[in-house]
Every structure is written in structure tokens, then in C-alpha cells.
Amino acid sequence: MRDVVLYAAQFERWHKGANEALIQLGGEVVASAADTHGLSELIAVPGSVEPAALKAALTKAGASLAQLAEIGSHAERFRVK
């Protein structure tokens, strides 16, 4: 299983509740930029989160998701003490 999965997401509009939905899934917005089509974001979620669950959580939170594409994965971050 992959630790963290990265998605490129395109939104027609963003809703502040979508960020809370990501946090509840254990995810985060890594980067975001507005463009002519709305808002593009790089999203990271745990590997255990299915794409359908991510889409459902964002949609339920009020975000208008136009496109979601998996673009990669990486290992969990670690901290040096």
C-alpha cells in the first residue's frame, strides 16, 4: 500500500468546507493556483483513501470538482528528533 497519494484537482469553485473535508480524510492541499478554468490544486491524501471517497467528501462539502487525476505517490513524511 502507498503511504500518500497525490491528486491534481480542478475546481470550478472552491468551498471553505472542502478544506475541512480533506483534513478529516487525513489529507491536505499542497499547492493551489487560480487559472482561467477556476482553481487548480495539488492534493495529498493517505493511500487508504479511495478516489471515490475523496470525490464524495469534496462534493458533499460544496466544492464544485471538475476533474480529479491521480498523479503519483510517495512515502510518509518522517521527523528527525
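FYI, it's all coordinate maths here, none of it is from the lab. Note that the structure is predicted; figures quoted are calculated from it, not measured. Cβ placement follows ideal geometry from the backbone for every residue including glycine, while neighbour counts extend to all protein chains displayed.
The table for this structure:
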read-out: Count of residues meeting criterion [free of Cβ contacts under 8 Å to residues at least 60 places away in the same chain and either surrounded by 11 or more Cβ atoms within 10 Å (Cβ to Cβ) or in contact with a strand residue (DSSP E or B) (Cβ under 6 Å, 6 or more places away or on another chain) (or both)] in the range 37-81; value: 30
read-out: Hits in the range 54-67 (condition: closer than 19 Å to GLY17 by Cβ and out of contact with any Leu (no Cβ under 7 Å at 6 or more places or on another chain)); value: ALA56, LYS60, ALA61, GLY62, ALA63, SER64, ALA66
read-out: Residues (part of a loop (DSSP other than H, G, I, E, B), of a type in the set (Asp, Glu) and within 12 Å of the chain's Cα centre (by Cα)) located in the range 48-81; value: GLU50
read-out: Selection from the range 3-36 of residues that are assigned to a strand (DSSP E or B) and surrounded by fewer than 12 Cβ atoms within 10 Å (Cβ to Cβ); value: ALA31, ALA33, ALA34, ASP35
